[in-house]
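Reviewing the structure listed below.
Here, each number is a calculation from the coordinates, and none is a lab measurement. Worth saying up front: this structure is predicted, and the values here are computed from it rather than measured. Glycine gets a Cβ as well: all are built from the backbone with ideal geometry, and neighbour counts include every protein chain shown.
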Amino acid sequence: MTSTLRRAGGFAAVGTLALAAPVLGAVAAVPFAVIAALAAFVVDDGPVFELFARPGDRKDGRLNGLAGFALAATGLALLSTLPRMSMPLAVFVAAVFILAYGNLGEQFVRASGGDPFVSATGFILVAFLAGVVGQSAAAYLLVDPVSLPEVVFLAATGALVAALLRSVLYERDDPLVMLSVGLLLWFFDLLAIDVGGLTVAAALVVTAVLGYLSYALGTASVPGMLTGVLLGLLTVVLGGFGWFAVLISFFTIGGLSTKFKYESKRRRGVAEENDGARGSGNVLGNAAVALVAVIGFAASPHLPVPGALFLFAFAGSIAAAMSDTLSSEVGGLYDNPRLITSFERVDPGTDGGITWQGELAGVVGAAVVACISALLLPIGAPLLGALVVVVGGIFGMTVDSVLGATVEGERIGNQTVNFLATLAGALASAALAAALL
């Protein structure tokens, strides 16, 4: 057994102490606080130190990794037990278990020679099972019945979020991962979403299969795949399969357009990096607004904003993402682009450069999203609702080009521009819907 795997086992053992929380009640944070103090100030040598020490810990002479892990668990335990706090103990246990046991699963796969995709899969599967077991065990100890579909949804969401954050952060950031997972699961628990068993099962199967295909076909990196699967799961559960169909239309058509004539784009210097495989930043840049819209729709019963506006914001943001992607991927194949702000001729690939072929492709992309939305989403009058989505998509595409010509580069990056463009599309569609529908 490697030292890394032994260390992961040690962290999992410490994480198991979270199961004492239902019994300890108000003092549930004490065991983790004691461990944090021992790791930071007492244990600096011996077998325990060697078990938990990461490379940087040996240099510093203290168990920083274990101290951070235990402090994060202490913080979540306090949120679960202090007066006026309402984080369920089951959520606290799940957050600790997901990180601790997910890391153990990942290290076990790595010890067997797994590649990054297999390692991420090992983390997710073990973290998911640990999240289910942790919540179920806490509910049993508290004699508090729980909904199995909700348990499965929270465990899957937590596992995916943890795996995604770990793929883009450093190992020393595990405390941040644990806190993020705990707070996110707490938020979803507060929403009191009516989660159906068949919906959750279907969402897990469909998003997992499509996630694997996106990675296998080279349209997404591992972080990009994890981001897409998480977005898909939340979209199905919080919105429905109609919302998911709109989302997946962008990922499918957008991914294929990136691969379309990729070698020609590479020779012209306009191809996406990493052989067209989109990373988490690219996925979030195009879909973060849509995710917020889905969550806003689920939370709309608790908000003064009608759920229909979040629906149009979702469709408008996806239309903008689709429109911008197709305009860039198709337009990059043609010569003589012109800068959108001055119509001067520029080199292919210049930020803010447009061609009529690319603009036409962008309009078609927005129309595709609008048609799917009109067929599968309750957008009111289908023709007028579809027109609202198309306008949002075209407006977002135009905003992207204008920002590319004016501020992209030294000031802001492409992912930020994509985010702002999809936000513009979302706001335009929501505003038009509020005025016309």
Expected output is a single nm value to one decimal: the length gained when fully extending between L213 and L82, i.e. 0.36 nm times separation in residues minus the C-alpha distance. What is it? 42.7 nm
3J(HN,Hα) from dihedral phi, region 282-296, Karplus parametrisation 6.51/-1.76/1.60, rounded to Hz, x for glycine, proline: 5, 4, 5, x, 8, 10, 4, 5, 4, 5, 4, 5, 5, 5, x
Cα-based Kirkwood hydrodynamic radius, the chain, one decimal, Å: 23.1 Å
Among L164, T4, S147 the positive-end extreme of the charge dipole of region 3-195 (Cβ point charges): T4
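Compactness ratio of region 240-437: Cα Rg over 2.2 N^0.38 Å, N = residue count?
So the Cα radius of gyration is 0.99 times the expected 2.2 N^0.38 Å.
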Report the label-to-label distance for L384 and V42 in nanometres (one decimal), using points 7 Å from each Cα along the Cα→Cβ vector. 7.1 nm
Once normalised by the length of region 20-149, the mean sequence separation of its alpha carbon contacts under 8 Å that are 6 or more apart gives a contact order in percent of 22 percent
Place a point 7 Å from Cα of L190 in the direction of its Cβ. Which residues in region 55-94 have their backbone N less than 14 Å from it? 79-80, 84-88
Per residue of region 231-246, what does 6.51 cos²θ - 1.76 cosθ + 1.60 with θ = phi - 60° give for ³J(HN,Hα)? Whole Hz please, x for Gly and Pro, Karplus curve as stated. 4, x, 4, 5, 5, 5, 6, 8, x, x, 6, x, 4, 5, 4, 5
To test your reading of the geometry: what angle, between 0 and 90 degrees and rounded to tens, separates the Cα axis of helix 89-111 from the longest principal axis of the chain? 80 degrees
For Y334, Y215, Y101, order by how many other beta-carbon atoms lie within 10 Å, fewest first: Y334, Y215, Y101
Points 7 angstrom from Cα along the Cβ direction at D60 and D173: gap in nanometres? 1.6 nm
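Could you give the size of the charge dipole of the chain about its Cα centre, using +1 on the Cβ of each K and R and -1 on the Cβ of each D and E, expressed in debye and rounded to the nearest 20?
Roughly 240 debye, rounded to the nearest 20.
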Just need log10 I(q)/I(0) for region 160-210 at q = 0.14, 0.19, 0.28, 0.31 Å⁻¹, Debye formula, equal scatterers on the alpha-carbon atoms, no solvent, rounded to two decimals. -0.51, -0.81, -0.98, -1.03
Would you list the P(r) distribution for region 3-195, with all Cα-Cα distances sorted into 5 Å bins from 0 and each bin expressed as a whole %? 1, 9, 17, 21, 20, 15, 10, 4, 2, 0, 0
Spelling it out for I354: with amide H atoms placed in the peptide plane at 1.01 Å from N, the residues 5 or more places away or on another chain with amide H under 5 Å from its amide H are R338, L339, I340
Set the Förster radius R0 to 51 Å, insert the Cβ-Cβ distance between S342 and S300 as r into 1/(1 + (r/R0)^6), and round the FRET efficiency to 0.05. 0.75
Working out 0.36 nm times the residue gap between L375 and V30, then minus their Cα-Cα distance, what length gain in nm do you get to one decimal? 118.7 nm
Per DSSP H run of n ≥ 4, the term is -39500 (n - 2.57); total these for the chain, divide by its residue number, and report the mean residue ellipticity at 222 nm rounded to 500 deg cm²/dmol. -25000 deg cm²/dmol
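Nearest 20 debye, what's the magnitude of the dipole of region 3-195 about its Cα centre given +1 on Lys and Arg Cβ and -1 on Asp and Glu Cβ?
280 debye
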Cα to Cα, under 16 Å, and not fewer than 8 places away if on the same chain: which aspartates and glutamates meet these conditions relative to K261? E272, E273, D275, E329, D335
Can you list the lysines whose alpha carbon sits under 23 Å from that of K59, skipping same-chain ones fewer than 8 residues off? none
